[in-house]
1. Might you let me know whether the range 147-162 holds any residue that is under 16 Å from the mean Cα position of the chain (by Cα) and closer than 16 Å to ASP112 by Cβ?
2. ASN50 versus (1) over 23 Å from ARG97 (Cβ atoms); (2) at pLDDT 95 or above: which is the lone unmet condition?
3. From the set of residues in the range 136-153 that are surrounded by 15 or more Cβ atoms within 10 Å (Cβ to Cβ) and among the aliphatic types (A, V, I, L, M), which is farthest from GLU109 (Cα to Cα)?
4. Go through the residues of the range 89-102 one by one and say whether even a single one is surrounded by 19 or more Cβ atoms within 10 Å (Cβ to Cβ), under 18 Å from the mean Cα position of the chain (by Cα), among the aromatic types (Phe, Trp, Tyr) and in a loop (DSSP other than H, G, I, E, B).
5. Out of curiosity, is LEU187 surrounded by 14 or more Cβ atoms within 10 Å (Cβ to Cβ) and within 27 Å of the chain's Cα centre (by Cα)?
6. Which of the helices (runs of 4 or more DSSP H) contained wholly in the range 114-205 include at least 2 residues that are closer than 29 Å to PHE83 by Cβ?
7. Among the residues of the range 47-71, which ones are under 17 Å from LEU94 (Cα atoms) and outside any helix (DSSP H, G or I)?
8. I need every pair where a residue in the range 23-42 that is at positive phi has its Cβ under 9 Å from the Cβ of a residue that is assigned to a helix (DSSP H, G or I), sequence separation at least 6 or different chains.
Amino acid sequence: DHKIAVIYYDQIKGPWHDVRYNKALAMAFMDKPEESVAIIRELLSEVDHNPFIYFLMIEQLFKMRDFDSAEHYIQLAEQKTGFHSHLSILKAILYSRKGIWLKAYDAYEMADKANQIINVDQLYSFAYCAEKLGLFDKAIALYYRTLKENPYYASCYEELVRLLIQKGELDKAEELLKMARTKLSSLNPMLKLLRSRLTKERGLS
């Protein structure tokens, strides 16, 4: 129980760095990001070379939707600890939320090369960044990777079918819609709309 852990940590006089980190982590699990950030900020004034302390700080700042502060700590972490694939993921998430697609894409690309991304939400976001930059073949490949990890991801079917129709790859789009029908309980309104569009495109070709 995290509350009991916090009570225990508070009883320790002159707590070591790891005790304070664990208390910040417990606060994060208790959904108290402000308290967690306050502890980490103090901790970073003494220990500034441990990447995991920065990860926790950045994740809590995301919860608080304080993206400017998160960006500051990402940059600081890069200076103090160097490259880390998880830090690159956090950087990508930050810039995708800010709509800075090129920076987000580059960060995802670096993270993926270092340690292949398998988290479906991160893969989907990576694909979406590629799509926003007009890198349609890359986006398609990434959307397929997302569906390989989770074949029940409705939004991914939507984006991928739309891109395939846009590129004139109608057979692949139809095949994907068939797959969606087998994996999803039913086609959602957007997928039904895309199915109608595919039928029209076939009539025109």
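The values are calculated or read from the model by the stated rules, or taken from the named source; none is laboratory data. Predicted model only: the values in this text are computed from it and were never measured. Using ideal geometry, Cβ is built from the backbone for each residue, glycine included, and neighbour counts are taken over all protein chains shown.
1. Checked the range 147-162: at least one residue is under 16 Å from the mean Cα position of the chain (by Cα) and closer than 16 Å to ASP112 by Cβ.
2. Failed condition: (2).
3. LEU147
4. So far as the range 89-102 goes, no, none of its residues is surrounded by 19 or more Cβ atoms within 10 Å (Cβ to Cβ), under 18 Å from the mean Cα position of the chain (by Cα), among the aromatic types (Phe, Trp, Tyr) and in a loop (DSSP other than H, G, I, E, B).
5. yes
6. In the range 114-205, the matching helices (runs of 4 or more DSSP H) lie at 120-132, 136-149.
7. Once the filter is applied, which keeps residues that are under 17 Å from LEU94 (Cα atoms) and outside any helix (DSSP H, G or I), the range 47-71 yields MET64, ARG65, ASP66.
8. Between residues of the range 23-42 that are at positive phi and residues that are assigned to a helix (DSSP H, G or I), the close pairs are ASP31/LYS63.
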